[in-house]
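Taking it in order: structure first as structure tokens, then the write-up.
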Amino acid sequence: MLALTVDPKKAGSLDVREVADPRPAAGELLVQGIAIGVCGTDREIAANDYGSAPPGKDRLILGHESLGRVVQAPPESGFAPGDLVAGVVRRPDPVPCGACAQGEFDMCRNGLYVERGIKDVDGFGSQLWTIEPSYAVKLDPSLGEVGMLMEPTSVVAKAWEQVELVGRRSWFDPKRVLVTGAGPIGLLAAMLGVQRGLDVHVLDLATSGPKPDAVAALGAEYHSSGIDSFIAKGRPDIVIEATGVSEVVIDAIGSTAAYGIVCLTGVSPGGRRISVDVGGANRSMVLENDAVVGSVNANLRHFAAAAESLRQADPTWLARLITQRISLNDFAQAFTHPDPDTDIKSIITL
Ligand code: BGC
């Protein structure tokens, strides 16, 4: 079979190669890969900035945003041939730490977790893949190709859960939400905010292309004129930060109403320095009981929440997020720098 593979230690090593078909271990499902989504993490791995191959191997099969169709399922697995599935990305560390022992592997404390297509274990960027039934998530068949959005939605479902847990430390009745960045994570975060009945605003630089319309179609409000003009009309109770851009992160932290919660979801490259009034930021955070929380990955609970959110969503709205479909042989097109105005999610069909 063909697979999209990379040597994470070598920039420019991303390539489609013939690899042996996987053989499902006892109890596992055999899945035909339909597509993978490409995100910033994949681009970092391809650029040799992140990720690692399975122990003893040079190359990693890339792809952690998956969509596939079950080909073979053991009886009693809860799955049947034909089921549409997505794979959970992370597996608990082998020790395991306290969090992993509780199934909260997204909160792993010792960093020894593995992630399919990212860290130490092959991903889903191949024409066939295998998976343990407990880490496969069944998708509503009507979702079709947009089921591809399952993994990023799980990341966003976790971010919303974090916001709600932090909010519940006192009386909490949020109304106004700001999402910074209208990429897939930002738009899905906005969708989950709208599903919660909140007044959602999305801030991005794009002034044309599909992003402003996608936000409007959701029933949220799009802003491209900067955070200052946005907060002049009212401060948000919640910010979901999905750009990872230093200035935006700092502005987001400084933008909230009293008891504000900022959830950081963007992974930024280190090394950039900007000048910040730490005293001023500290003062307003303390005097307003503000909170900033980082959020990464997703456990089985978040995948289940994501499956439900996708089931409730308008599939034609979800389809707007897939702006580029690329065949496996043309994979390189998905790894060029995305155009921030026109690109939302690129997928590679398998
Ligand atoms: C993935 C997460 C993963 C994180 C860090 C993200 O792109 O969506 O599942 O935990 O990268 O490796």
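The values are calculated or read from the model by the stated rules, or taken from the named source; none is laboratory data. Fair warning: this is a prediction, and the values are worked out from it, not measured in the lab. A quick note on method: Cβ atoms are made from the backbone with ideal geometry, for glycine too, and the neighbour counts reach across all protein chains shown. Just so you know, the surface numbers come from the protein's heavy atoms only, side chains and all, with ligands and any DNA or RNA stripped out. Shrake-Rupley method; radii C 1.70, N 1.55, O 1.52, S 1.80 Å.
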Looking for something assigned by TED's automatic domain parsing to the domain that holds GLN333, within 15 Å of the ligand (Cβ to nearest atom), open to solvent by less than 40 Å² (accessible area, probe 1.4 Å) and not in a loop (DSSP other than H, G, I, E, B) - is there at least one such residue anywhere in region 18-31? no
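Rundown of residues vs (1) in a loop (DSSP other than H, G, I, E, B); (2) within 18 Å of SER134 (Cβ to Cβ); (3) out of contact with any Ser or Thr (no Cβ under 7 Å at 6 or more places or on another chain), yes/no style:
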{"residue": "ASP58", "(1), (2), (3)": "yes, no, yes"}
{"residue": "GLY82", "(1), (2), (3)": "yes, no, yes"}
{"residue": "VAL85", "(1), (2), (3)": "no, yes, yes"}
{"residue": "PRO94", "(1), (2), (3)": "yes, yes, yes"}
{"residue": "CYS100", "(1), (2), (3)": "no, yes, yes"}
Checking THR153 against (1) farther than 23 Å from GLU241 by Cα; (2) in contact (Cβ under 8 Å) with a residue 40 or more places away in the chain, the condition it does not meet: (1)
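Taking ASP204, is it more than 18 Å from GLY294 (Cα to Cα), modelled with pLDDT of 95 or more and among the acidic types (Asp, Glu)?
Judged against the criteria, ASP204 is a match.
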Positions within region 104-128 being touching a residue at least 24 places away in the same chain (Cβ under 8 Å), in a loop (DSSP other than H, G, I, E, B) and among the hydrophobic types (A, V, I, L, M, F, W, C), in sequence order: ILE118, PHE124
Would you please name the residue that is farthest from ALA3 (Cα to Cα), looking only at residues in region 77-90 that are open to solvent by less than 50 Å² (accessible area, probe 1.4 Å) and free of Cβ contacts under 8 Å to residues at least 24 places away in the same chain? ALA80
For region 91-105, enumerate the residues that are surrounded by 23 or more Cβ atoms within 10 Å (Cβ to Cβ) and closer than 28 Å to VAL146 by Cα. PHE105
Within region 129-183, the count of residues that are of a type in the set (A, V, I, L, M) and in a helix (DSSP H, G or I) comes to 12
In region 129-163, residues that are open to solvent by 10 Å² or more (accessible area, probe 1.4 Å), over 19 Å from GLN195 (Cβ atoms) and touching a Pro at 6+ places or on another chain (Cβ under 7 Å) total 1
Only one of (1) in contact (Cβ under 8 Å) with a residue 24 or more places away in the chain; (2) more than 16 Å from the ligand (Cβ to nearest atom); (3) among the small types (Gly, Ala, Ser) fails for ALA101. Which number is that? (1)
Within region 227-245, take every residue that is out of contact with any helix residue (DSSP H, G or I) (no Cβ under 7 Å at 6 or more places or on another chain) and open to solvent by 30 Å² or more (accessible area, probe 1.4 Å) and give me the one that is nearest to VAL166 (Cα to Cα). ASP237
Here are some conditions: (1) more than 16 Å from the ligand (Cβ to nearest atom); (2) without any contact (Cβ under 8 Å) to a residue 24 or more places away in the chain; (3) open to solvent by 20 Å² or more (accessible area, probe 1.4 Å). HIS223 meets all but one. Which one does it not meet? (3)
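So which residues in region 160-213 are of a type in the set (S, T, N, Q) and in contact with an Asp or Glu (Cβ under 8 Å, 6 or more places away or on another chain), if there are any at all?
THR180, THR207, SER208
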Strands (runs of 3 or more DSSP E) lying entirely in region 257-350 (those with 1 or more residues that are open to solvent by 50 Å² or more (accessible area, probe 1.4 Å) and within 16 Å of the ligand (Cβ to nearest atom)): 291-294
I'd like the full set of residues that are closer than 26 Å to VAL6 by Cβ, in contact with a Phe, Trp or Tyr (Cβ under 7 Å, 6 or more places away or on another chain) and more than 13 Å from the ligand (Cβ to nearest atom), limited to region 119-164. ALA136, VAL137
Evaluate the following for PRO96: is it at negative phi and within 16 Å of the ligand (Cβ to nearest atom)? no
Does LEU203 satisfy the criteria of being closer than 26 Å to LEU165 by Cβ, in contact with a Gly (Cβ under 7 Å, 6 or more places away or on another chain) and of a type in the set (A, V, I, L, M)? no
